[in-house]
Amino acid sequence: DIADALNRALAHLGKAPLTEERISGHIGNGVRRLIESCLKDHGLPSDLHFAATRQRFLENYEAGLLVRTRLYPGVEVAIERLRAAGLLLAVLTNKPEKFAVLILKALGLFPFFCFVAGEDSLPFKKPHPQSYLSVLRALKIPVTRAAMVGDGPADLRSNPGCGAFRVFAAWGIT
């Protein structure tokens, strides 16, 4: 869904679509870095094209958030079991919070999470350790009692400064 939204935004600049693989390599560091990297792939100066491309991307992405986005097998059951065991669950993402909430609601997962933070919700975004620590502070969870599950390099880089246990979901987008 991200690649489709971005390619539609690039089409407004008269540019050919980038491959999903190419775009996937830019996902995980927030909307700004995603768009800047894709503009660079086309040899376009970010300072001239960023604002309009970002606006089109966000509009396109909101309109098509769940065209191809699906849960991986077993994820819903795992989340249900973790909550049934009394664990607090949160989402920390580098996408805008609004989109994370819409996706979680559409997938029926929103009630399982007690905190959702996007790139626009906290002073720091992943991979800065303070993004992760901000979530833990909000939930009043000591770092020694926390674990982070991530599916990309930004997730793995978020954690070393925090010291919490981490789990890498290798089936994720990157």
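Table for the structure above
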| quantity | calculated |
| --- | --- |
| Residue ID - nearest to Asp1 (Cα to Cα), chosen from residues in region 76-106 that are of a type in the set (Gly, Ala, Ser) and surrounded by 15 or more Cβ atoms within 10 Å (Cβ to Cβ) | Ala100 |
| Odd one out for Val135 among (1) free of Cβ contacts under 8 Å to residues at least 24 places away in the same chain; (2) assigned to a helix (DSSP H, G or I); (3) touching a strand residue (DSSP E or B) at 6+ places or on another chain (Cβ under 7 Å) | (1) |
| Count of region 144-174 residues which are part of a loop (DSSP other than H, G, I, E, B) and either modelled with pLDDT of 80 or more or under 13 Å from His128 (Cβ atoms) (or both) | 7 |
| Single match in Leu58, Leu71 (criterion: modelled with pLDDT of 95 or more and surrounded by 12 or more Cβ atoms within 10 Å (Cβ to Cβ)) | Leu58 |
| Qualifying residues in region 132-150 (those that are farther than 12 Å from Val116 by Cα and small (Gly, Ala, Ser)) - the one most open to solvent (accessible area, probe 1.4 Å) | Ala147 |
| Residue tally, condition part of a loop (DSSP other than H, G, I, E, B), farther than 23 Å from Val91 by Cα and either open to solvent by less than 30 Å² (accessible area, probe 1.4 Å) or not small (Gly, Ala, Ser) (or both), over region 1-55 | 9 |
| Test set (1) touching a Ser or Thr at 6+ places or on another chain (Cβ under 7 Å); (2) under 26 Å from Leu13 (Cα atoms) - Ala63 fails condition number | (1) |
| Conditions (1) crowded, with 16+ Cβ neighbours inside 10 Å; (2) of a type in the set (Phe, Trp, Tyr); (3) at pLDDT 95 or above; (4) farther than 30 Å from His12 by Cβ; number of the one not met by Phe110 | (1) |
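The values are calculated or read from the model by the stated rules, or taken from the named source; none is laboratory data. Being a predicted model, the structure only gives us computed values, none of them experimental. Every residue, glycine as well, gets a Cβ built from its backbone with ideal geometry; the counts of neighbours run over all protein chains shown. To get the accessible areas, we keep the full protein, side chains included, count just its heavy atoms, and leave off ligands, DNA and RNA. Shrake-Rupley method; radii C 1.70, N 1.55, O 1.52, S 1.80 Å.
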